[in-house]
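Presented below is the structure to which this report refers.
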Amino acid sequence: MSSEQQRSRVDLGRANRRSVLAEILYNAPIARTEIAERTALTGASVSRITRDLINAGLVVESSASIPQNRSGRRLIELNLNPTGAYVIGISINAFAQWVSLSGLDNNIIARQQLALECVDDPNDVLNRIIEAAQTMIEESGINRQQLIGGGVAIGGAVEPKSGRLLFSSTMDWGEMDIAPLMSERLGIPICVETVPNALNLAETRFGITKGQRNVVMLNASLRMGASLLLDNQLRRGVRFSAGQIGKLRLHQADKAESTLLLDEVAAGIAVLSKLTGEADLTSGRRAADTLMQLKSASVGGDQAATDAFYHAGQMLSQTIDVVDTLLQPETILLAGPMATVPAYIDGVLDNFRHDDSQECSSGDNLQANILVSNVSPEQAAIYLAFNEFLASRDIELSQLTDTD
């Protein structure tokens, strides 16, 4: 066998293992026969791959078996081993910075929120986060060889292959190589994704839109962000800036030559501008804290705050109507700090178009479901690591059994 054929065989074997591991990750508990059916691999191949995964401690057999429809052996289901490997989840935005350590059962075994008073200096923020992660790993007592990677969900535009942040308008950060820096300091591979994309992946792989292939996530924070999952693929656009929906220009009906950005009417900065009168309160920790104070005021019954959030939701509903018509997603997910304010959601839902004059079966009037995501950026970062290092990249099983 030539060296090229050997490489092809190894590559195929790794791809098959990724497929099997992905089925266990997304669909456990699951039997070997079902994995074979879903992956089109032979039963012998699935048995060989799962045996390797079990021997590496990454997968365990369920203590309870399930009966088959026909007589014969009872099927034994497979699950990920909660203590077989670990991931770090890191979320970074103007509102909060979290570092979490999780086993494969998504059980967070250690977590820390960094109460940073200022996020203006990216180098300081990243150093603080890395130091917190290093301390957390050391104090957890886990075998570092079982730490398979880390996921970073960050507010801004990201080049995912290199792990480079292109910009973050809510934190006033410029271009930075996030993944290489963190990977070198922590000694593990790191993947980086935008907060909206990380949230969308978490929901469509593990959450309320699991299994759906066309989902638009609208992240309503200080500014608006979006994630486009179309035909089960994230769409990124030129310079990886697809989803910067806040820059959408809206023409005002009563002022023919006047336009406003969606950010200025539907995002957190719209509420801040209306209620504080501070036109420059558009980014950073103070803006984030002030917005949360206004949320508390609205929830507490303050009418002016409630009206401001409701109006912002009304304005967003017009864009949702366009997104629904243009992209025809199964679901439009709302997330972010603004989506935690009841008045904002009421503004969206009360004004999202509803036309019952035609039969929905015609296919021309079908509307997407609008759901509110309950996944936090902290959780999304952990799910991002699961998705990347168990289902998308090759995992070296030998490192999991090396206890030296």
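No value in this document is a laboratory result; all are computed from the given coordinates. For clarity, every value in this text was computed on a predicted model and none was experimentally measured. Here the Cβ positions follow ideal geometry from the backbone for every residue, glycine too, while neighbour counts run over all protein chains shown.
Could you calculate the FRET efficiency of GLU34 with THR83 from 1/(1 + (r/R0)^6), where r is the beta carbon distance between them and R0 is 22 Å, rounded to 0.05?
Details: r = 25 Å, r/R0 = 1.12.
That pair, GLU34 with THR83, gives E of 0.35.
If you consider only alpha-carbon coordinates, what radius of gyration and Dmax does the chain have, in Å?
Rg and Dmax of the chain, Cα atoms, are 23.2, 76 Å.
Along the Cα→Cβ direction, 7 angstrom out, place labels at THR259 and ASP231. What is the inter-label distance in nm?
3.0 nm
Using Cα atoms only, what is the angle between the long axis of helix 3-27 and the major principal axis of the chain, expressed in degrees (0 to 90) to the nearest 10?
60 degrees
Taking the simple approach of a point 7 Å from Cα along Cα-to-Cβ for both ARG239 and GLN112, what is their distance in nm?
Here the answer is 3.6 nm between the modelled labels.
With a ≥ b ≥ c the root eigenvalues of the C-alpha gyration tensor of the range 104-247, is it rounded (a/c under 1.5), prolate (a/b larger than b/c) or oblate? Intermediate values should be presented prior to the final figure.
Working: a/c = 1.85, a/b = 1.29, b/c = 1.44.
Oblate, since a/c reaches 1.5 and b/c is not below a/b.
Check each of the GluC sites (Glu not before Pro) in the range 103-176 and keep only those in coil by DSSP with at most 14 other C-beta atoms within 10 angstrom; list them in order.
Values: sites: GLU117, GLU131, GLU138, GLU139, GLU175; in loops: GLU117, GLU175.
In loop regions of the range 103-176 (DSSP not H, G, I, E or B), the sparsely surrounded GluC sites (Glu not before Pro) are GLU117, GLU175.
Sequence gap of 8 or more, or different chains, plus Cα separation below 24 Å: how many lysine pairs satisfy both in the chain? Don't skip to the end; give the middle numbers.
Numbers: LYS247/LYS255; LYS247/LYS274; LYS247/LYS295; LYS255/LYS274; LYS274/LYS295.
Lysine pairs satisfying the spacing and distance rule in the chain number 5.
To the nearest 0.05, what FRET efficiency results for ASP289 and SER162 with a Förster distance of 25 Å applied to their C-beta separation?
On the way: r = 32 Å, r/R0 = 1.30.
Efficiency, from the Cβ-Cβ distance: 0.15.
Please report Rg over Rh for the range 208-373, where both radii come from the alpha carbon positions and Rh follows the Kirkwood definition.
Numbers: Rg = 16.3 Å, Rh = 16.6 Å.
With Rg and the Kirkwood Rh in hand, the quotient comes to 0.98.
Tell me, what is the FRET efficiency for SER62 and ASN123 to the nearest 0.05, using R0 = 60 angstrom and their Cβ-Cβ distance as r?
Details: r = 47 Å, r/R0 = 0.78.
With a Förster radius of 60 Å, E is 0.80.
With both partners inside the range 53-197, how many of the DSSP beta bridges are antiparallel, as a percent to the nearest 5?
Values: 24 of 36 bridges.
Restricted to the range 53-197, the bridges split so that about 65 percent are antiparallel.
At 7 Å along the Cα-to-beta-carbon direction for both VAL372 and LEU327, put a label point, then send me their distance in nm to one decimal.
2.1 nm
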